[in-house]
Amino acid sequence: MDTGNHVRIERLPGVMAITLARPQKKNALTTAMYQQLLQALELASAESSVHAVLLDGEGEDFCAGNDIADFIVLARSGQLFEHSDVWRFLRALLAFDKPLVAAVRGRAVGIGTTMLLHCDLVYVAENASFSTPFVDLALVPEAASSLLLPARLGHVRAFALFALGEALDAHAVVDCGLANAALPGGEVTPRARAAALALAGKPAQALQATKKLMRDHARMDSVMASERREFAQRLMSPEAQATFQAFMARRAPGP
């Protein structure tokens, strides 16, 4: 089953596997991809036959973050951020009530890292790199990561990721509890699939209840709302617009 060019869905026994499939752009997320991811999560939540979801990325990188060109379009459109597909996806990720398992290779940038904070099991390749350079783009953290990342790393390490744009390697994310294991690249997806299938064989209601008990949904929802308001202001700011244009100019091919 294919929900579009860049998000692929595969059915496994009791598991929905969702793969970011834009490898030529390092799986950077577009508006269309957010729509497709939102639809996939809603479908997985509604279907009683789905007991777990596996998130994966095609190619060398898991996700290079949001496509900057789409940020420019969103900022110029005048659309309220709370009505955007980015925000709707983040809300769905927060509300998702079944186990999420992630398989990560290569780079996980911005939302490529923050979405992992909502996953219940994470397996990473030994070459994986994790970064959240929001300040470099004149933006602020999202996905309740301003709460969740300091809770895992401590304030100073989280601030270095957000503000200095520093990165964590695979072994560091395992050591600080962001991932379960660092593996050779070829073993990551099989290990994550095996974990998702194992979860799918557990008593489903007890599994969902356990996940609910382990997450302070009300607090995360409140933090995410605060992030949304600040993110929307930053996105529309002249500072962000100048930063986006400079980024696009550096990325553009020469004559």
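Where a number appears in this text, it was derived from the coordinates with a stated rule and is not lab data. The structure presented is a predicted model; accordingly, all values stated were derived computationally and were not measured. Glycine also receives a Cβ, built like all others from the backbone with ideal geometry; neighbour counts cover every protein chain displayed.
A few points about this structure:
- Taken one residue at a time, the phi angles of the range 135-141 give Karplus couplings (6.51, -1.76, 1.60, θ = phi - 60°) of 4, 4, 9, 6, 10, 10, x Hz. Gly and Pro are set to x.
- Derived scalar couplings between HN and Hα for the range 203-213 equal x, 5, 5, 5, 5, 5, 5, 5, 4, 4, 5 Hz in order, rounded to whole Hz, by the Karplus curve 6.51 cos²θ - 1.76 cosθ + 1.60 (θ = phi - 60°), x for Gly and Pro.
- Spacing of the modelled spin labels on Ala69 and Leu12, each 7 Å from Cα toward Cβ, amounts to 3.3 nm.
- Taking every DSSP bridge with both residues inside the chain, close to 30 percent are antiparallel.
- Antiparallel bridges, percent of DSSP beta bridges restricted to the range 61-210 (to nearest 5): 20
- Taking each DSSP H run with n ≥ 4 as -39500 (n - 2.57) and averaging over every residue of the chain yields -14500 deg cm²/dmol at 222 nm.
- Listed values for the range 55-64 are Karplus-derived 3J(HN,Hα) couplings in whole Hz (6.51 cos²θ - 1.76 cosθ + 1.60, θ = phi - 60°), namely 9, 9, x, 7, x, 7, 10, 6, 6, 8, and x replaces Gly and Pro.
- Cα shape, the range 37-110, gyration tensor, a/c 1.5 rule: oblate
- For the chain, averaging the sequence separation of C-alpha pairs within contact (under 8 Å, six or more residues apart) and dividing by the residue count gives a relative contact order of 20 percent.
- Compared with the direct C-alpha span, the chain from Glu82 to Ala46 gains 10.6 nm at full extension, assuming 0.36 nm per residue.
- Cβ crowding within 10 Å ranks Val156, Val124 as Val156, Val124, fewest other Cβ atoms first.
- Cβ crowding within 10 Å, taken as a proxy for footprinting-reagent exposure, orders Thr30, Thr113, Thr132, Thr210 from fewest neighbours to most as Thr210, Thr30, Thr113, Thr132.
- For the pair His217 and Leu164 in one chain, pulling the backbone fully straight at 0.36 nm per residue adds 16.2 nm over the alpha carbon distance.
- Neighbours of Ser145 by Cβ distance under 11 Å: Lys/Arg scored +1, Asp/Glu scored -1, total -1.
- Oblate is the label for the range 91-244. Its Cα gyration tensor axes, ordered a ≥ b ≥ c, give a/c of at least 1.5 and b/c at or above a/b.
- Excluding same-chain neighbours fewer than eight residues apart, the lysines reachable from Lys211 by a Cα-Cα span under 26 Å are Lys98, Lys202.
- Counted by neighbouring Cβ atoms within 10 Å, the residues His83, His51, His217 run from fewest to most as His83, His217, His51.
- Relative to the dominant Cα principal axis of the chain, helix 238-251 is inclined by about 80°.
- Net charge of the neighbourhood of Ala181, taken over other residues with C-beta under 12 Å away and scored Lys/Arg +1, Asp/Glu -1, is -2.
- Calculated FRET efficiency for the pair His155/Glu187, C-beta based, R₀ 41 Å, to 0.05: 0.75
- Only Lys, Arg (+1) and Asp, Glu (-1) charged, at Cβ; the range 7-248 dipole about Cα centre in debye: 400
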